[in-house]
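The values are calculated or read from the model by the stated rules, or taken from the named source; none is laboratory data. Note that the structure is predicted; figures quoted are calculated from it, not measured. All Cβ positions, even for glycine, are placed from backbone atoms using ideal geometry, and neighbour counts span all protein chains on display.
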Amino acid sequence: MKIKRRLYYLFAGIFFVVMAGTMGYYILSSGKQKLIDCLYMTVISLTGVGYGEVIEVSGNPSAQIFTMVLITFGMGIILYGLGTITAFIIEGDLTGILREKKMQQKISKLKNHYIVCGGGQTGRSLVSELLDNNEQVVLIEPDKKKLALFESLENMLYIHGDATEDKNLLTAGIDRANGIIIGLPSDKDNLYITMTARMLNKKIRIISRIIDPKIESKLKKAGADGVVSPDHIGALRMASKMIRPTAVDFLDKMLRSKKGILRIHEISITDKSHMIGCKISESGLESKFGLLILGSMSDNEEIKFNPPPSLILEKGMTLIVMGEVKNISNAVNVFSMYR
């Protein structure tokens, strides 16, 4: 924003000098000269082009003094402006402004995307996972050094700003987003953003990070659908690595394999899905999409593991499946088709 402000001041200064020169020549000519001629005289004086005088300056002391003052101060501002713009281009600042402007245009067209608040190594892994699952993501991060960690990610969209400011959440399209993940290192900031996000979008899914477990109840009351404690998850991970290393290695390889992106995902049966009333064996999840069905859950019921092929698909049911991301995406599209 400081760079943009400097550019605005710079162009405003040049505009002021040109207008001052134009009006000065107009007053010196007692209003007898056209404004376009006065503007022309100002431009050729400032640029030093050296074309013939449209307004007679020679032999007119007032006009001569005014022209010298105009050239002295005007040329100084113009040269400073050219130097500043050149520095912006060389240092990449102007390119960054144009890139951010282009990204903002793309963000304004997004729908059903996800917003991530907070960068860093954790944020990068989070964003990378969402992108690997073919989701559209917008990152909000005020630190340029942390934003540099995301440069290698394709289709990366970000906003350089503070997520605690409403304008940045609105620019990220929170009113059109499916979910927001809040991962700042401060519980206070996470709580504030949670409240703000819930007020701006009543239907959005909110997942927040917590440092102090005592804050969990406050976050949920503020509107969070789920909370995650990195310390707690890390402790469980270390214990699992100790007592069930093979299972943990399997999950690691599933997440990091370069041969294919294999994930565990969920598929919901909406009230307008054409799959309502079909058996699992008739759905094509296994035969057509190559998905392994791990479990199913109906409204207000516990998860049923390894459901039978004869299970009838009902409105509101959710299936837990494992397979390649592209096949899961295709299956989700098919299951959401209207009857």
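The single condition among (1) loosely packed, with under 12 Cβ neighbours inside 10 Å; (2) modelled with pLDDT of 90 or more that F250 does not meet is (2).
When only residues in segment 115-158 that are closer than 23 Å to L191 by Cα and among the charged types (D, E, K, R) count, which is modelled with the highest pLDDT? Once the filter is applied, the top-ranked residue is E141.
In segment 54-79, the residues that are surrounded by 12 or more Cβ atoms within 10 Å (Cβ to Cβ) and in a loop (DSSP other than H, G, I, E, B) form Cβ pairs under 8 Å with partners that are acidic (D, E) and at pLDDT 80 or above, at six or more places apart or across chains, as follows: V54/D37; I55/D37. Of the residues making up segment 115-158, those that are under 15 Å from I193 (Cβ atoms) and in a loop (DSSP other than H, G, I, E, B) number 3.
In segment 269-324, the qualifying residues are those that are in contact (Cβ under 8 Å) with a residue 40 or more places away in the chain and among the β-branched types (V, I, T), and the one that is surrounded by the most Cβ atoms within 10 Å (Cβ to Cβ) is V321.
Does R205 meet the test of being out of contact with any Asp or Glu (no Cβ under 8 Å at 6 or more places or on another chain) and not hydrophobic (A, V, I, L, M, F, W, C)?
No: the conditions fail for R205.
Scanning segment 187-210 turns up no residue that is at positive phi and either surrounded by fewer than 21 Cβ atoms within 10 Å (Cβ to Cβ) or in contact with a helix residue (DSSP H, G or I) (Cβ under 8 Å, 6 or more places away or on another chain) (or both). Residues in segment 266-295 that are touching a strand residue (DSSP E or B) at 6+ places or on another chain (Cβ under 7 Å), assigned to a strand (DSSP E or B) and not aliphatic (A, V, I, L, M): E266, S268, K279, G295.
Just one of the listed residues (D225, D231) is within 30 Å of I193 (Cβ to Cβ), surrounded by fewer than 14 Cβ atoms within 10 Å (Cβ to Cβ) and either in contact (Cβ under 8 Å) with a residue 12 or more places away in the chain or outside the structural domain of R209 (by TED's automatic domain parsing) (or both), and it is D231. Among the residues of segment 286-300, are any modelled with pLDDT under 90 and of a type in the set (D, E, K, R)? Yes, that holds for at least one residue.
Of the residues that make up segment 89-109, is at least one modelled with pLDDT of 80 or more, in contact with a helix residue (DSSP H, G or I) (Cβ under 6 Å, 6 or more places away or on another chain), surrounded by 11 or more Cβ atoms within 10 Å (Cβ to Cβ) and assigned to a helix (DSSP H, G or I)? Scanning segment 89-109, I find no residue that is modelled with pLDDT of 80 or more, in contact with a helix residue (DSSP H, G or I) (Cβ under 6 Å, 6 or more places away or on another chain), surrounded by 11 or more Cβ atoms within 10 Å (Cβ to Cβ) and assigned to a helix (DSSP H, G or I), so the answer is no.
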